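First the structure, in the form of structure tokens, and then the observations on it.
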Amino acid sequence: MIRTEKILVQTKGENDIVNVTDIVRAKLAKSKGRDGFMILFLQSTTSALTIMEFEDGLRIDIPRAMSRIVPKSIEYEHERAYHDGNGHSHVKASMIGADLVLPFKDGELLLGTWQQIAVLEFDVRPRERSLIVQIITE
């Protein structure tokens with residue numbers, strides 16, 4: 001069986017990190033899936049999806065690290081074409097990615113103790129993001 005759901009995630013703009021673990025767990029519980037896997041896909045080119053320890057220090061460290069790797073202040077060809085101030089956002093998002101595959105057993109996600117599912121916003125303005133959830137069970 002394949003069940004497809006959508007989660008809307010509101011972000012506050014650049015460098016916001018939103019923990020969606022509980023919402024994803026609720027979708028799994030609603031599906032009554034026992035064993036299988038879940039595909040998460042973020043419909044975005046300026047935000048990303050990752051597994052992280054959702055704690056205050058990392059919520060500062062991750063955006064700082066990404067800014068060192070992909071500085072906002074350098075030239076981006078995307079800016080020349082669209083002049084929307086988010087060329088760096090596209091590069092950051094493409095480096096991390098937009099999808100995850102998560103196993104579950106006995107109706108529980110098999111996340112490690114400190115692992116949470118997070119949406120990382122890199123765009124320069126607040127956004128409503130669509131997170132597609134596909135639950136695949138026997």
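None of the figures in this text is laboratory data; all of them are computed from the coordinates on show. Only a predicted model underlies this, so the values are computations on that prediction, with no experimental measurement involved. Backbone-built Cβ (ideal geometry, glycine too); neighbour counts: all protein chains shown.
Structure data summary
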read-out: Filter result (touching a residue at least 40 places away in the same chain (Cβ under 8 Å), among the polar types (S, T, N, Q) and either in contact with a Leu (Cβ under 9 Å, 6 or more places away or on another chain) or not in a helix (DSSP H, G or I) (or both)) within the range 28-73; value: Q43, S44, T45, T46, S47, T50
read-out: Residue within the range 108-116 that is charged (D, E, K, R) and farther than 15 Å from T50 by Cα present; value: yes
read-out: Candidate set: the range 50-94, residues that are over 27 Å from V20 (Cα atoms) and hydroxyl-bearing (S, T, Y); chosen: the one surrounded by the fewest Cβ atoms within 10 Å (Cβ to Cβ); value: S73
read-out: The range 37-49, subset touching a strand residue (DSSP E or B) at 6+ places or on another chain (Cβ under 6 Å) and crowded, with 19+ Cβ neighbours inside 10 Å, residue farthest from I135 (Cα to Cα); value: S47
read-out: Failed criterion for D16 (all others in (1) farther than 20 Å from E128 by Cα; (2) surrounded by 14 or more Cβ atoms within 10 Å (Cβ to Cβ) hold); value: (1)
read-out: Candidate set: the range 20-36, residues that are touching a strand residue (DSSP E or B) at 6+ places or on another chain (Cβ under 7 Å) and loosely packed, with under 15 Cβ neighbours inside 10 Å; chosen: the one nearest to V91 (Cα to Cα); value: D35
read-out: Single unsatisfied condition, D106 versus (1) farther than 18 Å from M38 by Cα; (2) more than 12 Å from the chain's Cα centre (by Cα); (3) touching a residue at least 40 places away in the same chain (Cβ under 8 Å); value: (1)
read-out: Selection status of V119, assigned to a strand (DSSP E or B), of a type outside the set (G, A, S) and loosely packed, with under 12 Cβ neighbours inside 10 Å; value: no
